[in-house]
Amino acid sequence: MKLAQVALGVQDLDRATAFYTELFGYPPAGVFNPPGLVFFDLDGVRLLLEVGAPAALLYLQVDSVRNRVEELRRHGITVVEEPHVIFRHEDDALGPAGTDEWMAFVRDSEGNLVGLVSHEPGE
């Protein structure tokens, strides 16, 4: 089974589209307005921004949580929880063995929490 799509409820579609365009570093793959749908392609999984959809908590994998948080901070994005190690992967069950799983959380333009995740060599 493969994840196909995640819907994220937003209040202001234009504002949310601008936020996620900045976060991802590329524009949406599709915009259908009306009826108010914006799709981003996240390596084969669609993120749907939709006015009126329920809230969700997204965890997005990035190359380096620490570097990405600093880039986002320079663009005025609110960092809710600073980068930190959640746990070390001793085996490949949940991530690459021998890496530390880093996370940080930012607030999107609609008030949703967005988790950033990276797997980096242990220090």
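The values are calculated or read from the model by the stated rules, or taken from the named source; none is laboratory data. Here the structure is a predicted model, which means the values were calculated and not measured. Note: ideal-geometry Cβ built from the backbone for every residue, glycine included; neighbour counts use all protein chains shown. Note: areas computed on protein heavy atoms with side chains; ligands, DNA, RNA excluded. Shrake-Rupley method; radii C 1.70, N 1.55, O 1.52, S 1.80 Å.
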Could you list, ordered by first residue, the pairs with Cβ atoms under 7 Å in which the first is in segment 69-88 and over 17 Å from Y20 (Cβ atoms) and the second is open to solvent by less than 80 Å² (accessible area, probe 1.4 Å) and part of a loop (DSSP other than H, G, I, E, B), at least 6 apart or interchain? R88/G122
On the basis of being loosely packed, with under 13 Cβ neighbours inside 10 Å and among the aliphatic types (A, V, I, L, M), does A55 make the cut? yes
Sole miss for A56 among (1) assigned to a strand (DSSP E or B); (2) touching a Gly at 6+ places or on another chain (Cβ under 9 Å) is condition (1)
Among the residues of segment 108-123, write down those that are surrounded by fewer than 15 Cβ atoms within 10 Å (Cβ to Cβ) and in a loop (DSSP other than H, G, I, E, B). G111, G122, E123
Residues in segment 25-44: is at least one modelled with pLDDT of 90 or more, of a type in the set (F, W, Y) and closer than 18 Å to L116 by Cα? yes
Got at least one residue in segment 64-80 being open to solvent by 40 Å² or more (accessible area, probe 1.4 Å) and under 24 Å from K2 (Cα atoms)? no
Out of (1) among the charged types (D, E, K, R); (2) touching a residue at least 40 places away in the same chain (Cβ under 8 Å); (3) more than 16 Å from G9 (Cα to Cα), the odd one out for R46 is which? (3)
Residue check: is F19 more than 18 Å from H119 (Cα to Cα), open to solvent by 30 Å² or more (accessible area, probe 1.4 Å) and of a type in the set (F, W, Y)? no
Please determine, by comparing only the residues of segment 89-107 that are hydrophobic (A, V, I, L, M, F, W, C) and free of Cβ contacts under 8 Å to residues at least 12 places away in the same chain, which one is least open to solvent (accessible area, probe 1.4 Å). A97
